[in-house]
1. Can you put T43, T128 in order, fewest other beta carbons within 10 Å first?
2. In what sequence do R188, R49 fall when counting other Cβ within 10 Å, fewest first?
3. How would you rank 100-109, 199-208, highest first, on the average number of other Cβ atoms within 10 Å across their residues?
4. Over the Cα atoms of the range 1-93, compute the convex hull volume and normalise it per residue, giving Å³.
5. What is the calculated FRET efficiency for K39 to E19, with r their C-beta to C-beta distance and R₀ = 35 Å, to the nearest 0.05?
6. Take the Cβ-Cβ distance between M176 and K112 as r, set R0 to 22 Å, and report the resulting FRET efficiency rounded to the nearest 0.05.
7. Write down the radius of gyration of the range 31-174 and its Dmax, each obtained from C-alpha positions, in Å.
8. Report the relative contact order of the range 156-205, percent, no decimals, based on alpha-carbon pairs under 8 angstrom and at least 6 residues apart.
Amino acid sequence: MNKSWSSNFSYGFYKEILEIINEKYEQHLFRDIPNFISKDWGTYKIVLRHDIDLDLEKALEMAKMEFKHGIKATYMVMVNCPFYSLEDTQSKKILDNITEMGHEIALHFDSKRDINLYESTKENDLMTNLEFAISKLEQAISSKVFSISFHRPAPEIINGPLLVNKRINAYAKELMGWYLSDSKGSWREGNPVPKIKKPKKKLLQLLVLRWSNKRFFRTLGATFSDKLLHIKNLPNFKHKFR
Ligand SMILES: [Zn+2]
């Protein structure tokens, strides 16, 4: 396997991807999916997604880079993340900033960790906890949450319904027909560039978790080894594991 692209998360590589997106695709936020999903397809469409497991600051850098290239993406953030807290003023500022650039803020929900989390929850079922997480995020962004991506999704979520609790499910069958991601630390489906250049289906969901430049080391989230690396690189690590 050619390692040069499989582990290439450079600024230049991502910039190339963004340029192809601009040239070939009509971009959509996840919250807009109901407006076009069952209609005549017309042009090739893309929904670009980021799951923020680790670092809001890096998400902001990514959002700025996309903004510079005229790209819109959906940023899925966690409400119970050991690495950042939505309660922090700085986090709220970052989320505002990302929203102002035209991106969508949505929920990245960890069904394992976020279960039994809320003391006020009488019934600790998945949907009740999901609603709590949504309301927590809605408070933080002072806006509605329309979309959800599940962290390590359960089998019934993958290729599941388009709506879960009335929100767009990023793993819905309709959105998984053509799905490329760099999760688990590499572009598992192969070099994304030639694939994105020659669209094979009408809707592409692209999940991007990594990029880097000299200042910002690698990743927004995902693998355990990333998290270990991240802890080592975090000067003011203050949030405790739960
Ligand atoms: Zn995740």
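We did not get these values from a lab; they are worked out from the coordinates using the rules stated. On a predicted model such as this, the values are computed, not experimentally measured, just so you know. Ideal geometry is used to build each Cβ from the backbone, glycine not excepted, and the neighbour counts take in all protein chains shown.
1. T43, T128
2. Numbers: R188 11, R49 25.
Ascending number of Cβ neighbours within 10 Å: R188, R49.
3. Answer by packing, highest mean first, reads 100-109, 199-208.
4. Considering the Cα atoms of the range 1-93, their hull volume per residue is 150 Å³.
5. On the way: r = 27 Å, r/R0 = 0.78.
E(calc), rounded to 0.05, equals 0.80.
6. Computed FRET efficiency for M176 and K112: 0.55.
7. 15.2, 48
8. Working: 50 pairs, mean separation 15.5, N = 50.
Averaging sequence separation for qualifying contacts and normalising by length gives 31 percent for the range 156-205.
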